[in-house]
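See structure below.
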Protein chains: 2
Amino acid sequence: MRRLDRLVEEEEAEEAGAVVPAPLEEEHLGFQPLVVIELSRHLQLVTRDWLLSRLRDNDLDGGAYLEAQPLRVGGGADSESRTLLVGATWKRLLIGAEEAGFVRRCQDGSMRAFTYLSRHTFEGYSDDNVAFLTMAEQQYIVKHALNNLRAKEEISMPGYSDIKLYPGKSVFRRLQSKRLLVQIYPLHDTEELKKLSALWYQQARPSYQPLEVIRRYFGEEIALYFGFLGFFTWALVPMGLVGLPYYLFAWEDFDKYVVFAGLNLAWATVVLEMWKRHSAELAFCWGTLLMRHDFEEPRPGFHGELGTNPVTGRREPTYPSWRRSLRVYAVSVPFVCACLYLSYLVMDVYFWMEAWVLAWRHSGDGDADEGGPLAVLALYVPSVIYAVVIEVMNRAYRYLAELLTEWENHRLESTHQNHLILKVLVFNFTNCFASLFYIAFYMQDMKLLRQSLAALLITSQILNQLVESILPYWLRKRRNQQMGWSSSEKAPSDHKDSPLRQQIRIEGEMDTYLGTFDDYLELFLQFGYVSLFSCAYPLAAVLAVLNNITEVRSDALKLCCVLKRPFSLPAANIGVWQLAFEVMGLMAVMTNCALIAMSEQVRTFFDQDGSVTLNYVLVIVAAEHALLALKFMLTFVIPDKPRWVRQKLARIDYESLQALKKQKIQVFKSLSSEQSTGDFLNSALGE
Amino acid sequence: MRRLDRLVEEEEAEEAGAVVPAPLEEEHLGFQPLVVIELSRHLQLVTRDWLLSRLRDNDLDGGAYLEAQPLRVGGGADSESRTLLVGATWKRLLIGAEEAGFVRRCQDGSMRAFTYLSRHTFEGYSDDNVAFLTMAEQQYIVKHALNNLRAKEEISMPGYSDIKLYPGKSVFRRLQSKRLLVQIYPLHDTEELKKLSALWYQQARPSYQPLEVIRRYFGEEIALYFGFLGFFTWALVPMGLVGLPYYLFAWEDFDKYVVFAGLNLAWATVVLEMWKRHSAELAFCWGTLLMRHDFEEPRPGFHGELGTNPVTGRREPTYPSWRRSLRVYAVSVPFVCACLYLSYLVMDVYFWMEAWVLAWRHSGDGDADEGGPLAVLALYVPSVIYAVVIEVMNRAYRYLAELLTEWENHRLESTHQNHLILKVLVFNFTNCFASLFYIAFYMQDMKLLRQSLAALLITSQILNQLVESILPYWLRKRRNQQMGWSSSEKAPSDHKDSPLRQQIRIEGEMDTYLGTFDDYLELFLQFGYVSLFSCAYPLAAVLAVLNNITEVRSDALKLCCVLKRPFSLPAANIGVWQLAFEVMGLMAVMTNCALIAMSEQVRTFFDQDGSVTLNYVLVIVAAEHALLALKFMLTFVIPDKPRWVRQKLARIDYESLQALKKQKIQVFKSLSSEQSTGDFLNSALGE
């Protein structure tokens, strides 16, 4: 919002005819800053200068070949500043695009890996068209270069004789692990941001998201998240429409139930498959589907005895896997179990409260089954309290899980993420849904299930919106007030600051976007509420749609105005979340089958007195297994990529094979001529 | 056996001091023949000569650059012969090895794609070491060259003005589709075959198979089949040992049942995962794991209107996919359903027979439950008849399924195979197991289940061994007798024939090995008998082990002596069969859970009067789902490749990335020097 205000101020200033300097150009700098490196205040100046020279050095001398300069604080005294501005020449960016493996559309319509030498064959390229690479891509290239700034030989870091650098060790990773680096972040592009927000959330259309513009500004990973959010919301609409009459007219017949559950099953499967196809299309057009993956380096936090990596042959920390396994199985697993037990205890308290409220109502109103509106509301109080407690526990557990996974000391970021996601998913799933499972299958109280489900879903959605946008907005506002107060006291020359310096000061203090994890997790739990017990509460889909329409806006606002700009990340799919959603879909089949099986109508359908017979059991179980098999087959039969993408991929494959063959034929030809002039064995031996 | 006899004769001749000429060298030929092309007897001689020249021509002239010669029949009159012998120079073979993408171990221990120019860096290579490529590999290279002999421009085939060849059309595929080609087959290597059979099946050790020698002689696909067969047999031993006491002491307690079913579940999962890892190891060592796949051409039988392939841009037949889908869904699916219905009718007849036999025994022996040994045997008669009928139906259906899949007109061999395998698997599974499912879950007659299972398993195993080895052996013997008679009549100069001509005459008339399909199918059905109802008949594993020990021998005998040598096929895994076996493992979990749930003991365990309660149902279903989930997790958690293979693969990946990076740095360096001398943009534009 702060940024928005600033934008509005600038717009007003422009309208008023005032000359506003270009926000990202500073006359003294000589280059466009893309990324800000904030070093520790206590960093030795000699280290800063060494770093600056490493950043500026040509690659031949082991440098990053970037443009870098300390930020001048106040009146030009830059000698003390620990904040570095980094940019790059156009040529450096193009070479970086090649190194990063960007895939772009060529003028002949095919997708190819960008190379500097063939740059003129790419669509939209000309030597003076800086828009060929978006600012997000330029920042990604700079970040890539910073990560790959490595020590050439074994030295101590200048100024710190105890910090050793081994050949191939990333300099910034070492700075980060020694806490000499505060943060590295990309700068916002105020012009682009203005356009983006105008398109995205400053208008009333609830349907449309400018995905291409989002991708250009925030990169593929975030664009895929918003694509998924939008896709999922649209997909929920038909389920909401179907569910509405069930809720309004309180349809509870057996056949209508079965129809609803069947629709739900087909819906979940088809939607997830369609998304896979859609995201493959997006990723193909964006070039990320064909992008070659980088070799994964050890994560910065990874520590251990110095050894030799068997793959790269480099010296790097090694940590025996049996010790990691010991930590995982002897500490983490029991810890997760303990947390699950705690969650169970809390659930117990909730059921005790529930019973207490029921008893209170009965005692207060005598034998009247329906009390006043207060009494009906009171029924919801335990559920709401429980929902709040669940949210608090989820967030606390998330924090602990991160600490614990960090302590497990995984070598790669990907395994670290997988262990973290697994921990969080297992706990959040149990924490959110255990009480519902208990109510549905042990207590078999459909009325309580509906009431509890509604309370949990609505409360968690309201809480999430609060925590995600209102709270950060309020925090930012308070901090800005404090800062405004302190800066006006300490730096009265503030108003003379260039827009760039202002921007850096503001953005540097914004919170960091922690990735799409929490956003996906929220959607995942929502999907659970909607699909697991959809038979019992068909209105859930409607609530989810309403929530998601505001969610798009609040997430967009968060990214554009509240948080620091995140580095863009090329992504070809939503990764492990596809699997998570598919597993949830599978569970939904089981729970809905069980719900239908337990309903009175079904039981009387099979046997007049409603008792359970073996015949009935076999039919239900067989039906459930058939549905599961059908789901697997659907997943298997529907191709993961649309026909045209598969054809394009086959074409690329074919072309590279043909190129290889041509090359071979060249060799063949040269050898044939060799053969015709002399003895083959001799020439081969003489080679 | 015929071949074996010949080998023995030769050995005896050698021992007797007679000089036996080298079997594969013929003084008049000038090269070692590898592959025999048998053309139609009615082929025009001008076409044969055109083909010969295309085979011999250098690649620059669009030829295959092979050595080829017609086989001289009788006293040297080769001008009429329609049988061509094909070989290749050592250099041609090495270039072919590069084209085929063979991956070999280098002297530094790493695995790399073989290239002619870097040939001296490979382990075991020297210019005079012909054993660097096995004969099977040489034959594969020749076959690859034959398949890739393509028309260069649009011509009519000489001698046949109505047979058009379009640019890029494979000559041999066209010959094949016009029925001018009888067969192409590789020659046996009598020396090697002698060594192989001595190692493989002419000794009493039941355990050991010389997998590496098999691979060198028959190629990776067949070696993997025998590897899997051996692995699977070994894996069955523990289950057999565990099952034996259950059978001997007739243990039928609930807890022992549960233990057995649990063991079975873990066993099936772990064995399949271990095989995946083991086959990855094998394929890595053999180089097939890293082998680049060839671009898949349309299969020879594919026909349709001439169009342009969107991927290759070549002119080739096209067939609209909606017409294929129509054929699949409107004809094939109903046909399969009709076959399934027929199978159901046969099952009905079987149950009618079963009831009739029971009634007969009761009427004959009065009220005595156990009659004489004849009566007990008579109990098995319907099952045995049914088993024979099942086998006959399976084989007839297999034939029809092939015709039908051919008629569906799939473009690629792989989709053709998939449709065929799916058809055959669905029918064979239903045909073999429907009666068992019916007995187990509808009739709930455990005694009949055991009896029927035993009869089906034993009968099918005996029948298979008969059809696979005894019958072909007998057929071959009869044919040889007939041939011996006719040849002695027609060609009295037969005894003066060179060994090569003898060999070609013998091998040319041997039956063709139709691939590993039937062998895997047999194993798959065996796996079903062993695992689906393992609770009811624990002896099945023991019977399977005994069968497989003889199966190895009979399959080996079949390949070495009864059938034509098959072309070797590089394979990295057992393909779709891994999935088929895993699905069968999943089904086994379900059926065994259901068997346990239905047992009297379990029912009384939950409720004293043995009736079905909701509680009981929930527990059983939950347990089954938990087991299934566990199975999925096990499959997911166990890595598909052993650690050392993953590390080697990562190393290869890393090295290729490093090589790419080095290349980029070269560009970077050259550009940097450019930069230092002049303006970047100008130089870039001037390029």
Exercise. Does B:Y160 meet the test of being among the hydroxyl-bearing types (S, T, Y), farther than 18 Å from B:G63 by Cα and crowded, with 20+ Cβ neighbours inside 10 Å?
Worked result: no
Exercise. So which residues in the stretch A:84-94 are under 28 Å from the mean Cα position of the chain (by Cα) and open to solvent by 10 Å² or more (accessible area, probe 1.4 Å), if there are any at all?
Worked result: A:A88
Exercise. Which residue out of A:S332, A:S279 is more than 14 Å from every other protein chain (Cβ to nearest Cβ), farther than 30 Å from A:M111 by Cα, open to solvent by less than 20 Å² (accessible area, probe 1.4 Å) and in contact (Cβ under 8 Å) with a residue 24 or more places away in the chain?
Worked result: A:S332
For this session: For B:A401, indicate whether it is small (G, A, S), open to solvent by less than 10 Å² (accessible area, probe 1.4 Å), at pLDDT 85 or above and assigned to a helix (DSSP H, G or I).
Result: yes
Exercise. Would it be correct to say that B:S161 is of a type in the set (S, T, N, Q) and over 28 Å from B:L196 (Cβ atoms)?
Worked result: yes
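Of all residues in the stretch B:564-581, how many are free of Cβ contacts under 8 Å to residues at least 12 places away in the same chain and not in a helix (DSSP H, G or I)? Before the answer, list the steps.
Just the residues of the stretch B:564-581 that are free of Cβ contacts under 8 Å to residues at least 12 places away in the same chain, to begin with: B:575, B:579.
Those left that are additionally not in a helix (DSSP H, G or I): B:575.
Adding up the residues that qualify gives 1.
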Problem set entry | Residue under evaluation A:N418, criteria (1) under 18 Å from the mean Cα position of the chain (by Cα); (2) open to solvent by less than 70 Å² (accessible area, probe 1.4 Å); (3) more than 25 Å from A:L457 (Cβ to Cβ), criterion not met | (2)
Problem set entry | Residue that is nearest to B:F172 (Cα to Cα) [pool: residues in the stretch B:299-319 that are under 30 Å from the mean Cα position of the chain (by Cα) and open to solvent by 50 Å² or more (accessible area, probe 1.4 Å)] | B:H303
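Does B:S332 satisfy being assigned to a helix (DSSP H, G or I) and within 27 Å of the chain's Cα centre (by Cα)?
Yes: the conditions hold for B:S332.
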Exercise. Identify, please: which residue in the stretch A:77-98 is touching a residue at least 12 places away in the same chain (Cβ under 8 Å) and small (G, A, S) and is, among those, farthest from the other protein chains (Cβ to nearest Cβ)?
Worked result: A:S79
For this session: Only residues in the stretch A:547-563 that are among the small types (G, A, S) count as the first member; pair them with residues that are open to solvent by less than 10 Å² (accessible area, probe 1.4 Å), Cβ under 8 angstrom, at least 6 apart or cross-chain, and list the lot.
Result: A:A556/A:S197; A:A556/A:W200; A:A556/A:F226
Exercise. Among the residues of the stretch B:99-108, how many are within 14 Å of chain A (Cβ to nearest Cβ) and open to solvent by 20 Å² or more (accessible area, probe 1.4 Å)?
Worked result: 2
For this session: Take the stretch B:234-265 and flag every residue that is open to solvent by 80 Å² or more (accessible area, probe 1.4 Å) and at pLDDT 85 or above.
Result: B:W234, B:L241
Seminar exercise, completed: Restricting attention to the stretch A:34-61, the residues that are open to solvent by 10 Å² or more (accessible area, probe 1.4 Å) and either hydroxyl-bearing (S, T, Y) or in a loop (DSSP other than H, G, I, E, B) (or both) number exactly 7
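Only one residue in A:M347, A:M291 is surrounded by 14 or more Cβ atoms within 10 Å (Cβ to Cβ), more than 14 Å from chain B (Cβ to nearest Cβ) and of a type in the set (A, V, I, L, M, F, W, C). Which one?
Working: A:M291 fails: more than 14 Å from chain B (Cβ to nearest Cβ).
Every option except A:M347 fails the conditions.
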Problem set entry | Candidate set from the stretch B:421-463 (those that are surrounded by 21 or more Cβ atoms within 10 Å (Cβ to Cβ) and among the polar types (S, T, N, Q)); member that is nearest to the chain's Cα centre (by Cα) | B:N428
Seminar exercise, completed: The condition from (1) at pLDDT 90 or above; (2) open to solvent by 20 Å² or more (accessible area, probe 1.4 Å); (3) hydrophobic (A, V, I, L, M, F, W, C) that B:L199 misses is numbered (1)
Problem set entry | Among (1) open to solvent by 10 Å² or more (accessible area, probe 1.4 Å); (2) at pLDDT 90 or above; (3) within 14 Å of chain A (Cβ to nearest Cβ) - the single one B:F122 does not satisfy | (1)
Exercise. In the stretch B:125-146, what count of residues is obtained for those that are within 14 Å of chain A (Cβ to nearest Cβ) and in contact (Cβ under 8 Å) with a residue 40 or more places away in the chain?
Worked result: 4
For this session: Pairs only if they're at least six apart or on different chains, beta carbon under 8 angstrom, first in the stretch A:298-325 and outside any loop (DSSP other than H, G, I, E, B), second of a type in the set (D, E) and open to solvent by less than 80 Å² (accessible area, probe 1.4 Å); list them, first residue then second.
Result: A:P298/A:E316; A:L306/A:E316; A:G307/A:E316; A:T308/A:E316; A:R324/A:E408
Exercise. Mind checking whether some residue in the stretch A:282-290 is over 30 Å from A:S177 (Cα atoms), among the small types (G, A, S) and in contact with a Ser or Thr (Cβ under 9 Å, 6 or more places away or on another chain)?
Worked result: no
Problem set entry | From A:T635, A:T613, residue being at pLDDT 65 or above, facing another protein chain (nearest Cβ under 9 Å) and over 30 Å from B:T308 (Cα atoms) | A:T613
Exercise. For the stretch A:171-194, does any single residue satisfy the condition of being among the aliphatic types (A, V, I, L, M), over 20 Å from A:T512 (Cβ atoms) and open to solvent by 20 Å² or more (accessible area, probe 1.4 Å)?
Worked result: no
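Here's the yes/no breakdown for (1) closer than 30 Å to B:L471 by Cα; (2) of a type in the set (D, E); (3) at pLDDT 65 or above:
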| position | (1), (2), (3) |
| --- | --- |
| B:E9 | yes, yes, no |
| B:V36 | yes, no, yes |
| B:R41 | yes, no, yes |
| B:L55 | no, no, yes |
| B:G62 | no, no, yes |
| B:V73 | no, no, yes |
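The values are calculated or read from the model by the stated rules, or taken from the named source; none is laboratory data. All figures in this text were calculated on a predicted structure; none of them were measured in a lab. Every residue, glycine among them, receives a Cβ derived from its backbone with ideal geometry; neighbour counts consider all protein chains shown. Keep in mind that these areas ignore ligands, DNA and RNA; they rest on the heavy atoms of the full protein, side chains included. Shrake-Rupley method; radii C 1.70, N 1.55, O 1.52, S 1.80 Å.
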